[in-house]
Structure formats: structure tokens, C-alpha cells
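Worksheet: one structure, shown below.
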Amino acid sequence: MMADTAIEHPYVAVINKKLRNLNKRLRSITQIESLAASGQVLEQGQVEALSAKSQTEALIETLLSVRTSMLDLGAIDDAST
């Protein structure tokens with residue numbers, strides 16, 4: 001397992017980092033939704049985050065697809081040559 005991360009292709013590493021950030025944003029949006037559901041007044045930034053939920057989910061799906069395609073094509077193998 002550790003060897004896989006040591007030879008991770010740079011493009012896959014960038015995708016993984018972006019996925020971590022988007023998943024963190026999605027968790028934050030979920031928390032904001034809970035606040036809104038409890039009747040709390042939201043700040044402008046929180047309202048904007050809520051409106052970006054579908055876009056965030058779409059980006060996650062797209063990046064997962066790209067990462068899967070890269071791994072299927074053997075991008076990790078290319079990094080070791």
C-alpha cells in the first residue's frame with residue numbers, strides 16, 4: 001500500500017487533493033444546511049455556499065471519473081518510467 005502512494009502520478013495527486021478539498025466543502029455545506037433547517041439566519045457566504053452545492057457535487061463526480069480513467073490507463077505506471 002505504501003508503495004502506491006510513493007509512485008503516485010503527479011496528475012492523480014492533484015486530482016486527489018482537489019477531491020479532498022471539494023469533499024471538505026461538501027461537508028461544510030451539509031453543516032450549513034443543518035443550520036438553515038434549524039431556523040438559524042445564514043450569512044451571505046453561507047447562502048452562496050448552499051447555492052454551489054450542485055456544482056460541487058458535479059465537480060466531485062467529474063474528478064472521480066477522470067481519476068478512474070487515468071488509473072485505468074495506467075497513469076501510475078507511467079510515473080515510474
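The values are calculated or read from the model by the stated rules, or taken from the named source; none is laboratory data. Quantities reported herein were computed from a predicted structural model and do not represent experimental measurements. Areas reflect the complete protein model, heavy atoms only, side chains present, ligands, DNA and RNA absent. Shrake-Rupley method; radii C 1.70, N 1.55, O 1.52, S 1.80 Å.
The table below lists the values:
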quantity	calculated
In sequence order, calculated HN-Hα J values of the stretch 64-72 (Karplus, 6.51, -1.76, 1.60; Hz; x Gly/Pro)	4, 5, 5, 4, 4, 4, 5, 5, 5
Separation between Cα centres of the stretch 7-51 and the stretch 53-68, rounded to whole Å	12
Residue-by-residue Karplus 3J(HN,Hα) for the stretch 20-30, coefficients 6.51, -1.76, 1.60, Hz, glycine and proline x	4, 5, 5, 5, 5, 4, 5, 4, 5, 4, 4
From phi via Karplus (6.51, -1.76, 1.60), per-residue ³J(HN,Hα) for the stretch 13-18 in Hz, x at Gly/Pro	4, 5, 4, 4, 5, 5
The stretch 1-71 - accessible surface per residue (Å², probe 1.4 Å)	73
